[in-house]
Amino acid sequence: MKILAILYKGGNAATSEPRLLGTVENQLGIRKWLESQGHEYIVSESKEGPDSDFQKHIVDAEILITTPFHPGYLTGDLIAKAKNLKLCVTAGVGSDHIDLNSAVKHGIQVLEVSGSNVVSVAEHVMMSILLLVRNFVPAHEMIERGDWMVSDIARNAFDLEGKVVGTIGAGRIGYRVLQRLVPFDCKELLYYDYAPLPEAAAKAVNARRVEDLKDFVSQCDIVTVNCPLHEGTLGLVNAELLKHFKKGAWLVNTARGAICDKDAVAAALASGHLNGYAGDVWNVQPAPKDHVLRTAKNTLGGGNGMVPHYSGTTLDAQARYASGTKSIIENYLSGKAQEPQNIIVGVGKYESKAYGQR
Ligand code: NAI
């Protein structure tokens, strides 16, 4: 059986740090195991265009492993050519780089290692909220420049205490963010999600559900995006919705780049309507050198907390999603049932309710 993995290149870091399991060099740690059973395991970072290893090998691979960090975009066209493909495994969480509707149509299963990096992301969200609200990045840049002018930083530095924070999506990550916000004594915690939290869970974090999105964002000082990318969330935070944000609000997006319209976000920062934008996800990855969100700034020249996509690929997370990937493949090879929470698309139908209301 041919198993194809599209992973990111780790370079020197991966040769000196074997715990970087999700790299081309370290191959999720499953090469020996797969080859000992007689399977062919192709691992590559080459994913764009007809001459890429991705497009060359997808035509006869039975299992495709991808990661959201270096997404192999499995389009409907590629799925139509992938005659042997039965199983897509996302080493991590978030399978929007796969045309899920097309996978349903062709009977290809799509599984994720659910939960594997949700704490990693929730921690990154907390860091991003704090670095924006407290104006951290310009403060650190000032220090590296050799300058010292406290008032230039303090004029746009606030406390998280007393602010209203809302999450779009209150699933595994969104809920963990709410839990982590509790000790900060925010004024209120809100959430927007078509799936209401169980009453006890909402009570435990004292979170209030707001059912209308415009109404929701208009109440938040800080909005954090924690829902999957699907037809219903593509461009959800656009110029029109941004008009309903409070002036000077902060926006954190570690979910998927394409949920927020990059140009509308950059314009809202430039006009002062948004005070900051932070996160690690980009509408195309790797992000082009001239991507507007690399350098977008608020009116004071700060407010940008963007980093490469790494919140869910800490070494702790890599250990978990590498072992989860192995167990999904093990189940597939031995005909054992998959863990229900990992199944996004089962044979011919969506199993997850998180990828839009159907
Ligand atoms: P989850 O499935 O536990 O929760 C997602 C929640 O979003 C669900 O409650 C669902 O009802 C809600 N939702 C779906 N569509 C919505 C909409 N239109 N409006 C409001 N809520 C909506 O997923 P989990 O584990 O919390 O992950 C969420 C997303 O975070 C992933 O799909 C992925 O895109 C992203 N992620 C990013 C990572 C990173 O490294 N930056 C790592 C892991 C996940």
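Details
Matching residues to (1) within 16 Å of the chain's Cα centre (by Cα); (2) away from the ligand (no atom under 11 Å from the Cβ):
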{"position": "163", "(1), (2)": "no, yes"}
{"position": "171", "(1), (2)": "yes, no"}
{"position": "174", "(1), (2)": "yes, no"}
{"position": "183", "(1), (2)": "no, yes"}
{"position": "187", "(1), (2)": "no, yes"}
{"position": "191", "(1), (2)": "no, no"}
{"position": "200", "(1), (2)": "no, yes"}
{"position": "213", "(1), (2)": "no, no"}
{"position": "238", "(1), (2)": "no, yes"}
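- Yes/no for residue 118 being over 18 Å from residue 6 (Cβ atoms), within 16 Å of the ligand (Cβ to nearest atom) and surrounded by fewer than 22 Cβ atoms within 10 Å (Cβ to Cβ): yes
- Identification of helices (runs of 4 or more DSSP H) wholly contained in the range 210-277 with 1 or more residues that are in contact (Cβ under 8 Å) with a residue 12 or more places away in the chain and of a type in the set (Phe, Trp, Tyr) yields 213-219.
Here's the yes/no breakdown for (1) within 19 Å of the chain's Cα centre (by Cα); (2) over 17 Å from residue 310 (Cα atoms); (3) open to solvent by 60 Å² or more (accessible area, probe 1.4 Å):
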position	(1), (2), (3)
71	yes, no, no
81	no, yes, yes
107	no, yes, no
128	yes, no, no
145	no, yes, yes
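- Answer from 317, 296, 322 - the residue that is among the small types (Gly, Ala, Ser), more than 14 Å from the ligand (Cβ to nearest atom) and under 25 Å from residue 160 (Cβ atoms): 296
- Of the residues making up the range 10-55, those that are of a type in the set (A, V, I, L, M) and on the phi < 0 side of the Ramachandran plot are 13, 14, 20, 21, 24, 30, 34, 42, 43.
- Residue selected from the range 181-191 under the condition open to solvent by 70 Å² or more (accessible area, probe 1.4 Å) and not in a helix (DSSP H, G or I), by the criterion farthest from residue 219 (Cα to Cα): 185
- Among the residues of the range 295-316, those identified as in contact (Cβ under 8 Å) with a residue 40 or more places away in the chain, within 15 Å of residue 272 (Cα to Cα) and open to solvent by 30 Å² or more (accessible area, probe 1.4 Å) are 300, 301.
Table: residues versus (1) modelled with pLDDT under 95; (2) open to solvent by less than 10 Å² (accessible area, probe 1.4 Å); (3) in contact with a Gly (Cβ under 7 Å, 6 or more places away or on another chain).
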{"position": "276", "(1), (2), (3)": "no, yes, yes"}
{"position": "285", "(1), (2), (3)": "yes, no, no"}
{"position": "318", "(1), (2), (3)": "no, yes, yes"}
{"position": "325", "(1), (2), (3)": "no, yes, no"}
{"position": "334", "(1), (2), (3)": "no, no, no"}
{"position": "348", "(1), (2), (3)": "no, no, yes"}
{"position": "358", "(1), (2), (3)": "yes, no, no"}
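- When 161, 112 are checked against the criterion of being touching a residue at least 12 places away in the same chain (Cβ under 8 Å), closer than 21 Å to residue 355 by Cβ and of a type in the set (D, E, K, R), a single residue qualifies: 112.
- Residue 242 surrounded by fewer than 19 Cβ atoms within 10 Å (Cβ to Cβ), within 29 Å of residue 358 (Cα to Cα) and touching a helix residue (DSSP H, G or I) at 6+ places or on another chain (Cβ under 7 Å): no
- Residue ranges of helices (runs of 4 or more DSSP H) in the range 81-180 with at least 1 members acidic (Asp, Glu) and under 26 Å from residue 317 (Cβ atoms): 118-133
The values are calculated or read from the model by the stated rules, or taken from the named source; none is laboratory data. Predicted model, so just to flag it, every value in this text is computed and none were measured. Don't worry about glycine lacking a Cβ; one is built from the backbone with ideal geometry, like all the others, and counts go over all protein chains shown. To get the accessible areas, we keep the full protein, side chains included, count just its heavy atoms, and leave off ligands, DNA and RNA. Shrake-Rupley method; radii C 1.70, N 1.55, O 1.52, S 1.80 Å.
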